[in-house]
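Peer 1: The structure under discussion is supplied below as structure tokens; questions concerning it will follow.
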Amino acid sequence: MKNIEIKWAGLVYNIVIALLLLTPFGVHPLVSVSLAFLSGLLLGFVKSPGLSFFMALQVEIWRNHIEESLVKDNTFLNFISDVDGDNIIGGKVVHIAQSGGGGRVVRNRTAKPATVRQRTDTEVLYLIDEYTSDPVHISNADTKELSYDKRESVLREELNLLGEEVAEGVLENIVKSPVGNDNVLPVNNILETDGVIEVAPSFDGNTGKRISYAIGNLQRMRGLFKKQKAWKEGRMYAILTSDAETQMFPADSMVTATYMASVTEDERRSGVMYKCQGWKLLSRSTVYRQTAAGLFVPYGADGNATDCEGLLFWNQDMVEKAIGSTEFFDDLGNPVWYGDIYSFLVRIGARAKRKLFEGVAVLKQKVA
């Protein structure tokens with residue numbers, strides 16, 4: 001069996017408390033010490049890679065932490081509806097049924113018998129993607145000689161990187177599904193900015209000027225959703241970038257203070273920064289990069305000098321996400337690496353619920 005690691009200060013404290021509490025009741029000291037040792041397993045004062053009970057406890061804690069961290073650091077995921085588990089086929093593909101539409105409603109019908117119709121439904125699909133982190137090694141010396149918990153620091157950094165990749169993957173899948181027909185956001189669902197100021201482009205290396213964002217853009221976007229019958233009060237969200245936030249809601253404007261004051265404390269804690277024109281507005285460093293023609297540039301890909309920024313708008317009930325398994329892998333006391341090895345796995349996918357992307361739209365900067 002591999003060496004047992006004991007945190008003596010915590011274990012001795014456990015033993016002392018057990019003796020003080022149990023001895024007056026006639027419990028034998030040896031039994032008290034044994035109970036203290038077992039509680040040390042639960043609290044982490046005694047660790048052994050060979051003791052599966054302790055390791056299972058730690059792995060489960062990290063699994064829960066993965067899911068909590070993904071949502072906390074990417075708050076927009078809170079405002080996307082979750083899939084019904086019955087729609088997941090084989091844990092990989094999600095099927096969303098599409099209504100074939102209702103029949104006619106006739107006023108004061110005279111022609112009888114009425115024609116009987118049958119509704120023919122279709123479906124759209126999306127995939128649950130798998131995201132895995134590169135395994136990371138933490139040497140035995142690092143866990144014993146450093147003045148801070150390197151294991152905790154390394155794993156949190158890895159989890160942050162994983163969360164960023166997952167968020168970008170979800171954002172990309174909402175406007176461009178990798179499977180099926182009609183899988184890209186229609187051009188009619190992309191509006192361009194119409195502000196009065198010309199501003200510098202958002203991305204490094206881009207040239208020229210862009211038309212600024214304006215609060216009027218929110219009203220136009222509201223009109224688009226209402227025309228598509230995709231507007232539902234209290235369920236409408238958008239993600240702003242820092243440039244959009246600055247241009248729409250300047251800090252020295254009293255109007256900005258009004259839009260911020262309308263946000264409740266619970267909404268603010270969940271990531272909502274402003275409420276304006278019926279939209280609950282979140283903030284993120286980046287959302288989309290698009291060509292001047294409106295095509296979406298994949299995250300991490302090289303863009304063009306004329307690329308523009310894009311913001312996402314959606315109806316919470318008309319976008320869906322499916323979170324599959326989340327796993328925390330560990331190999332403690334690896335004899336080849338002389339230390340511990342860790343990695344993460346997350347499975348998640350997303351898509352607009354409607355075939356023609358009703359309930360999803362993008363506001364793109366316009367090239368000046």
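The values are calculated or read from the model by the stated rules, or taken from the named source; none is laboratory data. Computed from a prediction, not measured in an experiment: that's the story for all the values here. Using ideal geometry, Cβ is built from the backbone for each residue, glycine included, and neighbour counts are taken over all protein chains shown.
Peer 1: Given the criterion touching a residue at least 24 places away in the same chain (Cβ under 8 Å), acidic (Asp, Glu) and part of a loop (DSSP other than H, G, I, E, B), identify the matching residue among GLU233, GLU245.
Peer 2: Every option except GLU233 fails the conditions.
Peer 1: Moving on. Looking only at residues in segment 211-220 that are touching a helix residue (DSSP H, G or I) at 6+ places or on another chain (Cβ under 9 Å) and assigned to a helix (DSSP H, G or I), which one is nearest to PHE249 (Cα to Cα)?
Peer 2: ILE215
Peer 1: Given the criterion assigned to a helix (DSSP H, G or I) and loosely packed, with under 15 Cβ neighbours inside 10 Å, identify the matching residue among GLY208, GLY169, GLY223. Even if it seems obvious, please write down each step before you answer.
Peer 2: On the way: GLY208 fails: assigned to a helix (DSSP H, G or I); GLY169 fails: loosely packed, with under 15 Cβ neighbours inside 10 Å.
From the options GLY208, GLY169, GLY223, the qualifying one is GLY223.
Peer 1: Could you tell me which of the residues GLU145, GLU157, GLU130, GLU123 is farther than 17 Å from ILE80 by Cβ, at pLDDT below 85 and out of contact with any His (no Cβ under 7 Å at 6 or more places or on another chain)?
Peer 2: Testing whether each residue is farther than 17 Å from ILE80 by Cβ, at pLDDT below 85 and out of contact with any His (no Cβ under 7 Å at 6 or more places or on another chain) leaves just GLU145.
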